[in-house]
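Asks: Can you keep this structure in mind? I'll have questions shortly.
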Amino acid sequence: SAALADDAGFNPIFDGKTLIGWDGDPSLWRVEHGAIVGQTTPDKPLKTNTFLIWRQGEADDFELKFEYRLTGGNSGVQYRSWEDPEKWGKWVVGGNQADIDSTGRYTGILYSERARGILAERGEKVVIGDDHKPKVVEKFGDAQELGKKINKDGWNAYRIFAQGKHLVQEINGQLMVDVLDEDHTQGRRIGILALQLHVGEPMKLEVRNVLLKRLPTRSKH
């Protein structure tokens, strides 16, 4: 009953069988064994980072839970993000990213793709001001020790919480970053969700059990 209560209000946004409701390069994304699979190969290297975009709406205040497994490379989940097809091309996204990478160096951090750069390292509580730069107000954990909570070779449970200015990222039940985004010009409060495939070495991203819960919207200021 506790598990059911924990899942109250969550709805699946991936049906486990098809990519209905999602939009990305069909040569890179597929469904296999109940998981979204994004894969790059040595014979077809990426020219730019590319994304699988959820097309069933935008998310403002929400909680997102999913499981992932990454083999090689670098990935992440974009949230409250945006597109600029004329400038960047198709299936390219900028904005907040809950990072994932195969080395473990960046997994769990908050990164701002095509915008503000690294906003919070693992173990940091951060406030971002109108200068677009993060200020560390507390170190609640050691980045390397927190990294030991992440299974580099297997499945991990990721949770992203965004309500008003407050952003939280957890992996396997462990808090990774805690952010207050008070940047009034670049701190977006609504946007798209998307999964990333990164330029560079061949990689395979698997994502399953993708659940979204809408939260009461807090003040935009």
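Asks: Would you mind finding the one in V179, V168, V210 that is more than 14 Å from the chain's Cα centre (by Cα) and either in a strand (DSSP E or B) or of a type in the set (S, T, N, Q) (or both)?
Replies: Selected residue: V179, the only one of V179, V168, V210 that is more than 14 Å from the chain's Cα centre (by Cα) and either in a strand (DSSP E or B) or of a type in the set (S, T, N, Q) (or both).
Residue-by-condition table, conditions (1) free of Cβ contacts under 8 Å to residues at least 40 places away in the same chain; (2) out of contact with any helix residue (DSSP H, G or I) (no Cβ under 9 Å at 6 or more places or on another chain); (3) surrounded by fewer than 20 Cβ atoms within 10 Å (Cβ to Cβ):
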site	(1), (2), (3)
S75	no, yes, no
K125	no, yes, yes
K133	yes, yes, yes
Q144	yes, yes, yes
A162	no, yes, no
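Asks: Is there a residue in the range 14-31 that is of a type outside the set (D, E), more than 14 Å from L195 (Cα to Cα) and surrounded by 14 or more Cβ atoms within 10 Å (Cβ to Cβ)?
Replies: There is no residue in the range 14-31 that is of a type outside the set (D, E), more than 14 Å from L195 (Cα to Cα) and surrounded by 14 or more Cβ atoms within 10 Å (Cβ to Cβ).
Asks: Answer yes if at least one residue in the range 72-84 is within 30 Å of D130 (Cα to Cα) and over 18 Å from the mean Cα position of the chain (by Cα), and no otherwise.
Replies: The answer is yes; a qualifying residue exists.
Asks: Also: Any idea which residue in the range 98-112 is nearest to the chain's Cα centre (by Cα), counting only those that are open to solvent by less than 30 Å² (accessible area, probe 1.4 Å) and among the β-branched types (V, I, T)?
Replies: If we take residues in the range 98-112 being open to solvent by less than 30 Å² (accessible area, probe 1.4 Å) and among the β-branched types (V, I, T), then I100 is nearest to the chain's Cα centre (by Cα).
Asks: If I filter the range 119-139 for residues that are part of a strand (DSSP E or B), within 20 Å of G200 (Cα to Cα) and not basic (K, R), do I get at least one hit?
Replies: No; the residues of the range 119-139 include none that is part of a strand (DSSP E or B), within 20 Å of G200 (Cα to Cα) and not basic (K, R).
Asks: Which numbered condition in (1) under 12 Å from the mean Cα position of the chain (by Cα); (2) surrounded by fewer than 20 Cβ atoms within 10 Å (Cβ to Cβ) is the only one that A115 fails?
Replies: So A115 meets the others, but not (1).
Asks: If you don't mind, another one. Would you be able to tell me the number of residues in the range 173-221 that are under 20 Å from I100 (Cβ atoms) and exposed (fewer than 15 other Cβ atoms within 10 Å of the Cβ)?
Replies: Summing the residues that are under 20 Å from I100 (Cβ atoms) and exposed (fewer than 15 other Cβ atoms within 10 Å of the Cβ) in the range 173-221 gives 4.
Asks: Then there is this: Among (1) small (G, A, S); (2) assigned to a loop (DSSP other than H, G, I, E, B); (3) touching a Leu at 6+ places or on another chain (Cβ under 6 Å), which single condition is G38 missing?
Replies: With (1) small (G, A, S); (2) assigned to a loop (DSSP other than H, G, I, E, B); (3) touching a Leu at 6+ places or on another chain (Cβ under 6 Å) applied to G38, the lone miss is (2).
Each row is one residue, and each column tells you yes or no for (1) at pLDDT 95 or above; (2) more than 24 Å from P134 (Cα to Cα); (3) in contact with a Lys or Arg (Cβ under 8 Å, 6 or more places away or on another chain).
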{"position": "L167", "(1), (2), (3)": "yes, no, no"}
{"position": "E170", "(1), (2), (3)": "yes, no, yes"}
{"position": "M176", "(1), (2), (3)": "yes, no, yes"}
{"position": "D181", "(1), (2), (3)": "yes, no, yes"}
{"position": "I190", "(1), (2), (3)": "yes, no, yes"}
{"position": "A194", "(1), (2), (3)": "yes, no, no"}
{"position": "E206", "(1), (2), (3)": "yes, yes, yes"}
{"position": "N209", "(1), (2), (3)": "yes, yes, yes"}
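The values are calculated or read from the model by the stated rules, or taken from the named source; none is laboratory data. Keep in mind that what you see is a predicted model, and the values were worked out from it rather than measured. Virtual Cβ from ideal backbone geometry, glycine too; neighbours counted across all protein chains shown. Accessible surface is based on the protein model in full, side chains and every heavy atom, while ligands, DNA and RNA are left aside. Shrake-Rupley method; radii C 1.70, N 1.55, O 1.52, S 1.80 Å.
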